[in-house]
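A short worksheet on the structure shown next.
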Amino acid sequence: MVLIIQLVSLSSLLIGFTYVIFSNIADFKSDLKANTIINATLIGEYCAVPLDFDMSENAVETLEKLQNIPSVDVGIVYNDKNEIFAEFYKNGEKVLISNSNISTHWEKFDTDYLSVSRPIYYDNAKVGSIFLRVSTDELSLKIRNYLITMFLLLVALMFINYILAFWLQKILSEPILHLTKATKEISKEGNYQLRVEKQGNDEIGMLVDEYNEMLQQIYEREESLKQRSNELTETLGDLKQMQEKLVNSEKLAALGQLIAGVAHEINTPLGAIRSSIGNIKSALLYVLNEYPKFIVHLPDSQRDVFSVLVKESLSKKHMLTSKEEREHKKNIIKILDNHQISNAYYYADSFVDMMIFDNIEKYLEILRAEDSEAIFNIAYKITGLQRSIDNIEFAADKASKVVFALKNSSRINNSDNQVLTDVSEGIENVLILYSNQIKQGIEVTKNYKPTPKILCYSDELNQVWTNILHNAIYAMDLQGTLDIKVFTDKEHVVVSITDNGKGIPENEISQIFNPFYTTKPTGEGTGIGLYISKGIIEKHKGRIEVESKPGKTTFSVFLPINISKE
């Protein structure tokens, strides 16, 4: 508390002293300027008649009186043609003074001098001008002495301030610390019969009385609370469940569609991983139990064909689309029917799952075997281990990409440091997060030209891409075409995002970057996304433009390639 009081008091003293010091220094300068102007005016009046009658000796005599003013360094009287009429130099050495604007009315502080120029009039007619140059050494000495005095005064006041703060802290904090200590003891021991000793009748003393009264009430109620513990435990359980539901509901409302989509994108590969692990367990158990018996009774010729079948299946890595699977199954069934192989659909399905759809004829020997289904079942289980491992690898890679994109897009970075960033990578990360919404009916076309990395706040730019892409997806109602282009235009990297949604009304385009303005229904938009985005782009010394008509809206972001660190 002493530190807080000290800081508040010190801040007030510094502000007050700063104001007084600067105010008085300004007054010192103003006084010197006023005195110099008065001297220049008086000397000008004495020199008016000599100027009018061209009596320079009288003007010189008048200027000689400047010897009585120690600070005056130079005094020059000019006639109406800006020619020197009379002059005075304190040390007798002439000083070159420009007379280009000597006839005007001005005063100016230089490093070591104050210069003043005033016109001289006689009978309302200008007959010349006077120039005085005054040394500011005396003013500097006065200011220096004043600053030393004020510094010593400030140190003294700070010392007094510290003593007063320490005294006030002792008066105010000691009873509170005593109360805090007693509270900790009561909390630690759980003994509500203890009481806090009252040290005075002030506000803190009243607080102690109320605290002791509260302890008494707690003690009286403790027994009744023990009797109802079972009921309260059950009620507490119900309350916790309700609280969890409310918290989860609030979280879901706050996270919104984006996080829901991200969760789906993560849960899908995790489900595939769990399923593949289950397949591996069952297949491995089956193979370990059945393969030794199976391979012993398998004829040598069939054993070689079986080995080729397994090796070829294990060598295939690529994935098939549903259309490709149907076409391969159809072709294999046709081949098997031509060779009069029964149960052709079962074998075709197994061949396609095992990624074997060429040269089916070389497996006819085991297809015609009496126990062909058992042979194929063993081969399917063995190769299924590889397929499950491939599925796990694919799913893990997909989940890793989503997590990486989420980490890079949601990272909060308050650092002032800019980093070299590939703009296209940031957009790709955001697209991964929106993949759940996009795959519901949005076709994305991307045209990324080679662009240089730019120095920027990458996490803030990710927020811009998130806002623009979210608005585009919303405008298309999850059905449409999203066109994204990244290219270089002169000194800028340009990002163009176009959707074929309903568009922005012409009378609202000029307002979409205003804070809290939204075209969405109440509760679906805050109206600050584009406002924040514009601020981020302007922070990067870029600009954001929008063109919109029904069926086509384009947001273009221009980011300078060379952004200097601020």
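The values are calculated or read from the model by the stated rules, or taken from the named source; none is laboratory data. These figures come from a predicted structure and were not determined experimentally. A quick note on method: Cβ atoms are made from the backbone with ideal geometry, for glycine too, and the neighbour counts reach across all protein chains shown.
Here are the numbers for this structure:
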quantity: Segments classed as strands (runs of 3 or more DSSP E), wholly inside the stretch 1-119, with at least 1 members that are surrounded by 15 or more Cβ atoms within 10 Å (Cβ to Cβ), over 60 Å from the mean Cα position of the chain (by Cα) and not assigned by the TED database to the domain that holds LEU132; calculated: none
quantity: Residue in the stretch 517-526 that is within 24 Å of PRO560 (Cα to Cα), at pLDDT below 85 and among the β-branched types (Val, Ile, Thr) present; calculated: no
quantity: Selection within the stretch 430-447 - farther than 14 Å from ALA472 by Cα and among the β-branched types (Val, Ile, Thr); calculated: ILE432
quantity: Pick from the stretch 487-518, criterion among the hydrophobic types (A, V, I, L, M, F, W, C) and touching a residue at least 40 places away in the same chain (Cβ under 8 Å), ranking: surrounded by the most Cβ atoms within 10 Å (Cβ to Cβ); calculated: VAL495
quantity: TYR457 buried (at least 16 other Cβ atoms within 10 Å of the Cβ), of a type outside the set (A, V, I, L, M, F, W, C), modelled with pLDDT under 85 and over 20 Å from LEU420 (Cα atoms); calculated: no
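Yes/no per residue for (1) within 18 Å of ILE532 (Cα to Cα); (2) among the hydrophobic types (A, V, I, L, M, F, W, C):
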{"residue": "ASN429", "(1), (2)": "no, no"}
{"residue": "ILE438", "(1), (2)": "no, yes"}
{"residue": "PRO450", "(1), (2)": "no, no"}
{"residue": "THR498", "(1), (2)": "no, no"}
{"residue": "GLN511", "(1), (2)": "yes, no"}
